[in-house]
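Novice: Quick one: this structure, given as structure tokens, is what I'll be asking you about.
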Amino acid sequence: MFSITNLREALTPRQSESLFDVPLMYCMLMLIGVGFVMVTSASMPVAERLFDNPLHFTIRHVIFLVGSFLLFWFTSNIPMTWWKRSNPYLLLFGLILLVAVLIIGREVNGARRWIPLGPFGLQVAEASKLFFFSYIAGYLVRKRDEVQENIKGFAKPMIVFAAYAFLILMQPDLGTVVVMFVTTVGLLFLAGAKLWQFFTLMLTGVSLVVLLIIIEPYRMKRVVGFLNPWEDPFGAGYQLVQSLMAYGQGGWFGQGLGNSIQKLQYLPEAHNDFIFAVIAEELGFVGVFSIIILLGVLVTRALFIGQKALKANKEYEGYFALGIGIWFAFQAVVNIGASAGILPTKGLTLPFISYGGSSLWVMTIAAAILQRIDFETKMSTRQATSRGGRR
């Protein structure tokens, strides 16, 4: 079990190798810490206006953090055999949640993405991503030869993805679909799919995304606004213009913590999707660069854990870890790229930093899974070495 005893052993100097991934743990904790400070800073003006309490979102975020640490402890004690055995049921549960949210979900800003749970709401697409990636990892273990040898093995998981994508687009939430698509294609490629299959799927995916943008006026408006936000700075390009102004005012060292101008009712979603713009304004290039480094180390450790698990013949664990790493990397790139005007605006959170309980909880669970995979891989390697030494 990954418990206090394991933690004590991991920190004992006599051990040549920790039983958990220390850089991953430090990066996660530092990102969570930065997120707490920046959510507090960015949310105070809007909280004061909406709830007459500048700490409204901070208090809720503290509750989310307490839940995250409990989920991390609980998840890190679940053996990976449970995830491997349960992934088809988790996939089905994810589908049920996606159907349920369309029926009983709460609508916010024209999107029906949340199932109300008392004073909070569960964004089911976040949980569905994790369940789907677990299923893909299990599928690649069961059907790896089929994936490598013919189009049938390559197409089966895409049919499951299409069902998930359809339900998520009904909310609507194109950003989550794109994240799932990129992660799925990346895993199939790493599992040994042929290049022509990979490029065919990528071309098909890009074509469908373009079609989905064209047929929905609000999506087309976002793309046009992204290409030239200054053409309509008080309409379609308003949010991006305000975000770019925040970047421009940041300079090398920023305006100082708490001194952002754009968060004062100018930049919508300053504590959520566009929190990186507030970070850029208050902490400057140095702060932005430091957070990107932390995210880069986090993703690198996830990919390293996956590679190490594959080398130890833990295929399910390896593919699952690689999927989590690709997911974290792409979602961070999209969030930062959207706030910097490099990519069209999408409603995706910045891992461990943006305000939002569902995203924070699910990503904390994913980080705990990474730690569990690393723990089990190291334990199996030590046991194999010990048996070899006895011989």
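Novice: Right, G325: open to solvent by less than 10 Å² (accessible area, probe 1.4 Å), at pLDDT 90 or above and assigned to a helix (DSSP H, G or I) or not?
Specialist: For G325, the condition - open to solvent by less than 10 Å² (accessible area, probe 1.4 Å), at pLDDT 90 or above and assigned to a helix (DSSP H, G or I) - is met.
Novice: Going by what's in this entry, would I293 be described as farther than 25 Å from M80 by Cβ and among the β-branched types (V, I, T)?
Specialist: The answer is yes for I293.
Novice: On to the next question. Condition first: at pLDDT below 90, open to solvent by less than 60 Å² (accessible area, probe 1.4 Å) and assigned to a helix (DSSP H, G or I). Can you find one or more residues in the range 92-100 that meet it?
Specialist: no
Novice: For the range 73-85, how many residues meet the condition of being surrounded by fewer than 18 Cβ atoms within 10 Å (Cβ to Cβ), hydrophobic (A, V, I, L, M, F, W, C) and touching a helix residue (DSSP H, G or I) at 6+ places or on another chain (Cβ under 9 Å)?
Specialist: Qualifying residue count for the region: 3.
Novice: Hey, can you tell me all the residues within the range 259-280 that are open to solvent by less than 10 Å² (accessible area, probe 1.4 Å), part of a loop (DSSP other than H, G, I, E, B) and not aliphatic (A, V, I, L, M)?
Specialist: Those that are open to solvent by less than 10 Å² (accessible area, probe 1.4 Å), part of a loop (DSSP other than H, G, I, E, B) and not aliphatic (A, V, I, L, M): S260, Q262, F274.
Novice: Those residues that are open to solvent by less than 30 Å² (accessible area, probe 1.4 Å) and of a type in the set (V, I, T), I need them from the range 127-159; list them, please.
Specialist: I136, V147
Novice: Right, next: Please verify whether the range 349-372 includes one or more residues that are more than 16 Å from the chain's Cα centre (by Cα) and within 21 Å of S41 (Cα to Cα).
Specialist: There is no residue in the range 349-372 that is more than 16 Å from the chain's Cα centre (by Cα) and within 21 Å of S41 (Cα to Cα).
Novice: Now, a different point. Only one of F57, F72, F120, F51 is within 30 Å of Y316 (Cα to Cα) and of a type in the set (F, W, Y). Can you tell me which?
Specialist: That would be F72, the only listed residue that is within 30 Å of Y316 (Cα to Cα) and of a type in the set (F, W, Y).
Novice: Check K346, K378 and return the single one that is on the phi < 0 side of the Ramachandran plot, assigned to a helix (DSSP H, G or I), among the charged types (D, E, K, R) and modelled with pLDDT under 95. Break it down into steps so the answer makes sense when it comes.
Specialist: Details: K346 fails: assigned to a helix (DSSP H, G or I).
Only one candidate passes the filter, namely K378.
Novice: Shifting gears a bit: Considering each residue of the range 226-258, count those that are part of a loop (DSSP other than H, G, I, E, B) and without any contact (Cβ under 8 Å) to a residue 12 or more places away in the chain, and give that number.
Specialist: Final tally of qualifying residues: 5.
Novice: A further question follows. Consider A193 against the criteria (1) closer than 30 Å to A155 by Cα; (2) among the hydrophobic types (A, V, I, L, M, F, W, C); (3) modelled with pLDDT under 75; (4) in a helix (DSSP H, G or I): it satisfies all of them except one. Which criterion is unmet?
Specialist: Tallying (1) closer than 30 Å to A155 by Cα; (2) among the hydrophobic types (A, V, I, L, M, F, W, C); (3) modelled with pLDDT under 75; (4) in a helix (DSSP H, G or I), A193 fails exactly one: (4).
Novice: Considering only residues that are touching a Phe, Trp or Tyr at 6+ places or on another chain (Cβ under 8 Å) and buried (at least 24 other Cβ atoms within 10 Å of the Cβ), look in the range 292-307 and name the one that is farthest from G235 (Cα to Cα).
Specialist: G306
Novice: So how many residues does the range 128-161 have that are within 15 Å of G192 (Cα to Cα) and β-branched (V, I, T)?
Specialist: 4
The values are calculated or read from the model by the stated rules, or taken from the named source; none is laboratory data. Here the structure is a predicted model, which means the values were calculated and not measured. For neighbour counting, all protein chains shown are included, and Cβ atoms are generated from backbone atoms with ideal geometry for every residue, glycine included. For accessibility, only protein heavy atoms count, side chains too; no ligands or nucleic acids. Shrake-Rupley method; radii C 1.70, N 1.55, O 1.52, S 1.80 Å.
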